[in-house]
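S.K.: My questions will all concern the structure given below.
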Amino acid sequence: MSFLTLGIETSCDDTAIAVLEGSRDVRVSLLASQTADHAPYGGVVPEIASRKHQEAILPLLRQVLKQASVVDPAGQIGLIAVTAGPGLMGSLLVGAMTAKGLAQAWDVPVMPVNHLEGHLYANVLIHPELAPPFVCAIVSGGHTELVLVREWGDYRLLGATRDDAAGEAYDKVAKLMGLGYPGGPIVDRLAVRGDALAVDFPIPLKGTRDVEFSFSGLKTAFLNELRARGMVGETLGEEDRRVWDLCAAFQRAVAESIVDKIELALKQTRVRAVALSGGVAANSALRARLTDRIQKRLGAGVFFPPPALCTDNAAMIAAAGYASMCRAREREKTFVSDLCFAPDPSWSLWNDE
Ligand code: KG4
Ligand code: ZN
């Protein structure tokens, strides 16, 4: 009989639940989005996020189990994998407490999963050929990190952002133009219509020998450009050609800076493959530049998940949890579930900190 893992993800603003069969067959993966609840604030409001998770989680669970044809969870679910950090404490608690309750009621083991390890596993669901060593770029609203995956379970941080995350910068420039939230997908859509060379934004940390990112200077350059063009305080719309050009030029600078540092990381580690993950991994310019420069020019392997697996989801958490359980069983010949784990908002994934 096939092994089913129930994945639960509530680290930020989306309630997500999935049922995974074996290591990579996604039976069902659903999401209750809170985007509309946070949109008026232009960013995630932690207090609202945890309340909304509370409301959404049990109805979503019912729906997932029904669609996955799980009629007897105690008999059919073999493992509950739940995000235990990093993330917002109030949000993490909802997922963790739900997982603990279900684990006790069904007498099923539970595996706490690091959200970032989940992002690493998003690619495995779609690219079974992806094997360590590889470099993974986790680029989302809360993270911009390059990770060396030496082995599954053995991760080294190569570099991170000094200030804003890439997705955060997208959200902020969209907010400056009054374009809505989350900004990334909107800017990406409008950038396609603009001229990326219309504005010469600086490429962050270009030419430095460190694998590091910085987006706050670019954000300031963007605001200065809006001021110089007299566009501050004006109601800008999606049909404005100036907006398209600004989106395209901003997007180019972000993509160039990420791909520059990926190239540097590959050279420094002599690794021949890179995987993208996180919401910004859905970005069309980033995908195109990465394919051009890293795959076509350097001949290294380039992997990215489909957009639904780039952003937060529970299928990747289930996959990471299942793999973690398999490694524990191999190592210790058994896997003992610990119901006493506590969510950790700043849980680090790296071995060398
Ligand atoms: O991974 P994710 O769903 O949540 C976090 O863990 O942060 O990422 C959300 C972020 C948001 O900042 C959003 O604007 C950005 O990913 N994003 C994009 C695109 N789609 C989502 N950024 C650029 N281009 C996109 N197509
Ligand atoms: Zn995430």
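Throughout, read-outs are computed from the coordinates displayed, never taken from laboratory work. These figures come from a predicted structure and were not determined experimentally. Glycine gets a Cβ as well: all are built from the backbone with ideal geometry, and neighbour counts include every protein chain shown.
S.K.: Give the stretch 282-300 a look and list any residue that's touching a residue at least 40 places away in the same chain (Cβ under 8 Å) and buried (at least 17 other Cβ atoms within 10 Å of the Cβ), or say none.
M.R.: Hits for the stretch 282-300 are 282, 283, 285, 286.
S.K.: When only residues in the stretch 70-93 that are surrounded by fewer than 23 Cβ atoms within 10 Å (Cβ to Cβ) and of a type in the set (Val, Ile, Thr) count, which is farthest from the chain's Cα centre (by Cα)?
M.R.: 71
S.K.: Further question on the same structure: Identify all residues within the stretch 18-66 that are closer than 20 Å to residue 171 by Cβ, among the small types (Gly, Ala, Ser) and in contact (Cβ under 8 Å) with a residue 60 or more places away in the chain; write none if there are none.
M.R.: Passing the criteria: 39, 42, 43.
S.K.: Separate question: Counting only residues that are under 28 Å from residue 274 (Cβ atoms), away from ligand 2 (no atom under 16 Å from the Cβ), assigned to a loop (DSSP other than H, G, I, E, B) and not acidic (Asp, Glu), how many does the stretch 303-353 have?
M.R.: Of the residues in the stretch 303-353, 2 are under 28 Å from residue 274 (Cβ atoms), away from ligand 2 (no atom under 16 Å from the Cβ), assigned to a loop (DSSP other than H, G, I, E, B) and not acidic (Asp, Glu).
S.K.: Give me the pairs: first residue in the stretch 130-143 and without any contact (Cβ under 8 Å) to a residue 12 or more places away in the chain, second residue away from ligand 2 (no atom under 13 Å from the Cβ) and assigned to a loop (DSSP other than H, G, I, E, B), beta-carbon distance under 9 Å, and six or more apart or on different chains, which are they?
M.R.: As it stands, the answer is 131/152, since those pairs meet every condition given.
S.K.: Yes or no: the stretch 193-215 includes at least one residue that is closer than 14 Å to residue 250 by Cα, away from ligand 2 (no atom under 16 Å from the Cβ) and of a type in the set (S, T, N, Q). Write out each step before concluding.
M.R.: Of the stretch 193-215, the ones closer than 14 Å to residue 250 by Cα are 193-204, 214-215.
Retained after the next criterion (residues that are away from ligand 2 (no atom under 16 Å from the Cβ)): 193-204, 214-215.
Filter again for of a type in the set (S, T, N, Q), leaving 214.
Looking for residues that are closer than 14 Å to residue 250 by Cα, away from ligand 2 (no atom under 16 Å from the Cβ) and of a type in the set (S, T, N, Q), one finds at least one in the stretch 193-215, hence yes.
S.K.: Only one residue in 180, 237, 184, 230 is loosely packed, with under 15 Cβ neighbours inside 10 Å and within 28 Å of residue 34 (Cα to Cα). Which one? Steps first, please.
M.R.: Details: 180 fails: loosely packed, with under 15 Cβ neighbours inside 10 Å; 184 fails: loosely packed, with under 15 Cβ neighbours inside 10 Å; 230 fails: within 28 Å of residue 34 (Cα to Cα).
Only one candidate qualifies: 237.
S.K.: Okay, moving on. Among the residues of the stretch 281-298, are any part of a helix (DSSP H, G or I), within 21 Å of the chain's Cα centre (by Cα) and within 15 Å of ligand 2 (Cβ to nearest atom)?
M.R.: yes
S.K.: Taking helices (runs of 4 or more DSSP H) that do not extend beyond the stretch 2-77, which have at least 3 residues that are closer than 24 Å to residue 140 by Cα?
M.R.: Working: elements: 35-38, 46-67, 73-76.
The qualifying helices (runs of 4 or more DSSP H) are 35-38, 46-67.
S.K.: Now for a separate question. Would you tally the residues in the stretch 21-67 being within 18 Å of the chain's Cα centre (by Cα), of a type in the set (Ser, Thr, Tyr) and more than 30 Å from residue 128 (Cα to Cα)?
M.R.: So the count comes out to 1.
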